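This report concerns only the one structure given below.
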Amino acid sequence: MNGRIVFVTQAYDRSDPLLGVVGDWVGALARRFDGVDVIAQRAPGAVGWRLRARDGVGVRVATMGKETGTGRLGQFLAMQASLAQALPGARAVFIHMVPRYAVLAAPLARIFRVPVVLWYAHGNVDRALRMAVPIVQRILTPTRDSFPIDGAIDPHVRARLACIGHGIDTARYSPDGLTDAVPGLVVSAGRLSPVKRHEVVMRELAAITPDRWSLRVVGAPLHSADASYRLRLEAEAGSLGVADRVTLVGAVPFERMAMEYRSAWVLAHTSRTGSLDKVVLEAAACGVPVVSTAPSSRAVLGPFGDELLATDDRTFGERLRAVLGWSATKRDDVGRALRGAVIAGHGLDHWADRVADVVGGL
C-alpha cells in the first residue's frame, strides 16, 4: 500500500518484556506499506528526534528521549518535531496503547490531513481515553471485551471501533520441536499485580495430592503500587508450605518468553482484567494447554472450554489437576488445536492485514 505509517509508542526495544512485541508489529506493517516511522518515548540506539533507518528496509526510528532522562516537556517537543517530519505523505498515525499520544498528535495530524488510529486493549478508562475517542478516526482493539467503553452508550465508539485480533507472531510463539514440556510444570505469566491473582494458582496447586508439580510465576511489577505484591506471594508460598516448589522468575526478556511457555505442561491463567489476555494466546500458539478463569478465553479454547475454562477458583483447581494428569498424547493434541485457533483469529499476518484494510478505508 502506498504511503508510510507513523507508529507512536512507549518503547521500541526488543528486550522489553512487555513492549518487545512492537518490533514484530512494526515489521509486519512495513511489509504492507511503504514503510513505518516509529516515534517512541524510549528507543535505545535512536538519536534525538531525528528519524534514523533501523531494523531493515522501510523502518525509521525516533526517540522522545526518556532513556536519556529527557523530561516531559522535552519529550513533547521531540514528539512534535518527529511528527512534523513524518506526517507529510503519511497514510495514518497509529497510536499504540497511550490515548494521551493520540490527543497530542491530533493537531498536527489534522494540519497534514492524516487520520489517527488508536490501538487500545485495557480495562482502564481515564480522562485521556475519553478525550481521544471522539478525535481519532478509528479505534482498534483485539476483541470487543478488550475495549472498556460501551459502544451502545458512546456513539463515537459505536461508529469507530473495529475488533481485529491480537497480532501474535505464531512463528516466534510456536513449538520448536526441541523443547519437551516438563510434566507437572505450571507457568503463570503476566505482570506481578493483584489483578493477575497468581496466589490463586499457588493455593489450588497446594491442595493437589500427590504433589508432583512445580510453579514458575513469570513477570515483574509494572506500577509502583504492585511492588509489595511479590512479598505477598513469597509470604503466601511460605504459609502454604510450597516455597520450594514456587519460583518467582521476575521479568523475562521478550526474546526468551517463548521458551518459558514451551517448557510448561500447562499455563495457569487467573487474571481478572476481563479481556482476552495476550499470554493465553502466546502460550496456546506454543501448543500449551491453558486453564483459565476468564470467560473471554473461551474464544480460543473452543471445544475444549468445558475441560479448560473454570467459572470459579475451586473449579479452576479441579481443571488444573485434571490437565496435570493428562497423557502426553492428549496434551499435545489439545495444544495443536489451540495453536490453530490462535493462527486463525489472532495471528500477526491476520492482524496486519486488518490494520491495512482499516487504513485503506480511511
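With the simple model of a label 7 Å out from the Cα in the direction of the Cβ, Arg321 to Val182 spans 2.4 nm. Need the full-extension length gain, Gln80 to Asp353, defined as separation in residues times 0.36 nm minus the C-alpha distance. One decimal, nm. Full extension from Gln80 to Asp353 adds 95.4 nm.
For the chain, what does -39500 (n - 2.57) per DSSP helix run (n ≥ 4), summed and divided by total residues, give at 222 nm, in deg cm²/dmol to the nearest 500? Value at 222 nm, helices only: -11000 deg cm²/dmol. Using a simple spin-label model with pseudo-atoms 7 Å out from Cα toward Cβ, Ala171 and Ala159 lie 4.0 nm apart. Volume per residue for the range 185-345 equals 104 cubic angstrom (convex hull of Cα atoms). Summarising the label geometry, the points placed 7 Å from Cα in the beta-carbon direction at Met259 and Asp34 lie 4.1 nm from one another.
Mind checking the angle between helix 313-324 and the chain's longest principal axis? C-alpha axes, 0 to 90 degrees, to the nearest 10. Taking the Cα atoms of the chain, the angle to 313-324 is about 80 degrees. Mean separation of Cα pairs under 8 Å and 6 or more residues apart, divided by the residue count, gives the range 185-345 a relative contact order of 24 percent.
For the range 299-362, list log₁₀ I(q)/I(0) at each q in 0.18 Å⁻¹, using the Debye formula over Cα point scatterers of equal strength and ignoring solvent, two decimals each. So the normalised log intensities are -0.74.
Applying the Kirkwood pairwise sum to the alpha-carbon positions of the range 32-152 produces a hydrodynamic radius of 15.1 angstrom.
So what is the relative contact order of the range 78-156, in percent, for Cα pairs below 8 Å that sit 6 or more residues apart?
Over the range 78-156, the number comes to 28 percent.
Mean projected area of the convex hull spanned by the Cα atoms of the range 230-271, taken over all viewing directions: 3.8 nm².
By the Stokes-Einstein formula, at 0.692 mPa s and 37 °C, the range 102-170 with its Kirkwood radius over alpha-carbon pairs has D equal to 260 µm²/s.
Against the main long axis of the alpha-carbon atoms of the chain, helix 21-30 sits at an angle near 50°. Computed over the alpha-carbon pairs of the chain, the distance histogram in 20 Å steps reads 29, 55, 16, 0 percent, short to long. Structural descriptor for the chain: relative contact order 15 percent, calculated from alpha carbon pairs under 8 angstrom and at least 6 residues apart.
Throughout, read-outs are computed from the coordinates displayed, never taken from laboratory work. For clarity, every value in this text was computed on a predicted model and none was experimentally measured. Don't worry about glycine lacking a Cβ; one is built from the backbone with ideal geometry, like all the others, and counts go over all protein chains shown.
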